[in-house]
Amino acid sequence: MTPRLRDGLAVLWAEVVNAGGAVGFLPPVTPEEVAADLRKHLVGVAEGGTRPLVGFSEAGRPVATAFFELNAHRLMRHWVWLKTVMVHPEWQGRGTGRELMAAAASAARGMPGVTGIRLTCRGGMGLERFYASCGYTEVGRAPGAIRVAEDDLRDDVTLWLPLDGD
């Protein structure tokens with residue numbers, strides 16, 4: 001992880017949120033404001049419990065990313081979390097999201113013993129349909145668990161992609 005890549009990921013994250021993306025923040029946000037959350041992922045990478053997946057433009061700029069979080073719990077090591085999934089707004093609608101999700105499934109299949117991917121998303125944004133089109137199944141929903149405004153509560157939706165036999 002180079003400083004250039006780290007800074008590029010922070011810019012990507014802020015630009016996705018500021019375009020309306022549901023990635024843990026509400027707009028407006030700056031790259032500096034997302035830096036602490038990004039740092040948590042990068043510490044996980046350094047410690048070996050998190051693995052980044054990054055898609056780059058031809059110019060070498062990060063335009064898509066997700067982070068695998070490996071399970072430390074002895075009974076759940078056979079699946080991984082996929083977190084902070086995002087595609088730059090300029091690259092949305094071109095199939096980049098589907099490519100990212102296919103790359104994530106392929107990468108997870110290459111992880112010894114991993115048979116599934118679990119992720120969550122903010123309800124009410126159409127993300128469930130996108131993930132379903134990538135093979136994920138909704139397996140849980142916590143109604144109103146995400147507060148995006150005082151009078152706007154969204155569901156926290158859990159999705160699952162089985163990797164064996166698909």
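The values are calculated or read from the model by the stated rules, or taken from the named source; none is laboratory data. None of these values were measured; they are calculated from a predicted model. Here the Cβ is made from the backbone with ideal geometry for all residues, glycine too, and neighbour counts use every protein chain on show. Remember, those area values only see protein heavy atoms, side chains included, never the ligands or the DNA or RNA. Shrake-Rupley method; radii C 1.70, N 1.55, O 1.52, S 1.80 Å.
What is the gain in length, in nm to one decimal, between ALA149 and PHE130 on full extension, counting 0.36 nm per residue of separation less the C-alpha to C-alpha distance? Intermediate results must be reported in sequence, preceding the final value.
On the way: separation 19, 0.36 × 19 = 6.84 nm, distance 2.40 nm.
Difference between extended and current length: 4.4 nm.
Per residue of the stretch 139-156, in order, report the coupling 6.51 cos²θ - 1.76 cosθ + 1.60 (Karplus, θ = phi - 60°) as ³J(HN,Hα) in whole Hz, putting x for Gly and Pro.
10, x, 8, 9, x, x, 7, 10, 9, 9, 7, 3, 10, 9, 9, 10, 6, 9
Below 11 angstrom from the Cβ of PRO27, what's the summed charge of the other residues (Lys, Arg +1; Asp, Glu -1)? Could the numbers behind the result be given before it?
Working: positive: none; negative: GLU15, GLU33.
In short, -2.
Gain in length, ASP156 to ARG94, computed as 0.36 nm per residue apart minus the alpha-carbon separation, to one decimal in nm?
Numbers: separation 62, 0.36 × 62 = 22.32 nm, distance 2.64 nm.
My answer for the length gained is 19.7 nm.
Let me check against my output: what whole-number percent is the relative contact order of the chain, with C-alpha pairs under 8 Å and at least 6 apart? All intermediate terms of the calculation are to be shown ahead of the outcome.
Working: 267 pairs, mean separation 26.4, N = 166.
Over the chain, the number comes to 16 percent.
Can you give the local net charge around LYS40? Use residues other than it whose beta-carbon is closer than 12 angstrom to its beta-carbon, Lys and Arg +1, Asp and Glu -1.
On the way: positive: ARG39, LYS83; negative: ASP37, GLU47, GLU69.
In short, -1.
Restricting to bridges with both residues inside the stretch 1-154, how much of the DSSP beta-bridge set is antiparallel, in percent to the nearest 5? Please list the in-between numbers first.
Details: 16 of 19 bridges.
Once the DSSP bridges in the stretch 1-154 are tallied, antiparallel ones form about 85 percent.
Which ³J(HN,Hα) values, rounded to whole Hz and listed in residue order, are derived for the stretch 103-120 from phi using the Karplus coefficients 6.51, -1.76 and 1.60 in 6.51 cos²θ - 1.76 cosθ + 1.60 with θ = phi - 60°, glycine and proline given as x?
5, 5, 4, 5, 4, 5, 4, x, 8, x, x, 7, 10, x, 10, 10, 8, 10
In whole Hz, what ³J(HN,Hα) sequence does the stretch 82-90 give by Karplus (6.51, -1.76, 1.60; θ = phi - 60°), x for Gly and Pro?
10, 10, 6, 7, 7, 10, 4, x, 5
As a test of the formula, what do you get for the chain when each DSSP H run with n ≥ 4 contributes -39,500 (n - 2.57) and the sum is divided by the residue count, at 222 nm and rounded to the nearest 500 deg cm²/dmol? Intermediate values should be presented prior to the final figure.
Working: 4 runs with 54 residues, N = 166.
Result for the chain, helices only: -10500 deg cm²/dmol.
Order the following by accessible area, largest value first: GLU32, GLU69. Probe radius 1.4 Å; ligands, DNA and RNA are ignored. Let's see the in-between values first.
Details: GLU32 135, GLU69 65 Å².
Largest accessible area first, the list is GLU32, GLU69.
For ALA64, enumerate residues with amide H under 5 Å from its amide H, sequence gap 5+ or separate chain, H modeled in the peptide plane.
For ALA64, the qualifying residues are GLY55, HIS88.
What is the mean projected area of the alpha carbon convex hull for the chain, to one decimal in square nanometres? Write down the numbers at each step before the final one.
Values: hull surface 40.6 nm².
Value for the chain: 10.2 nm².
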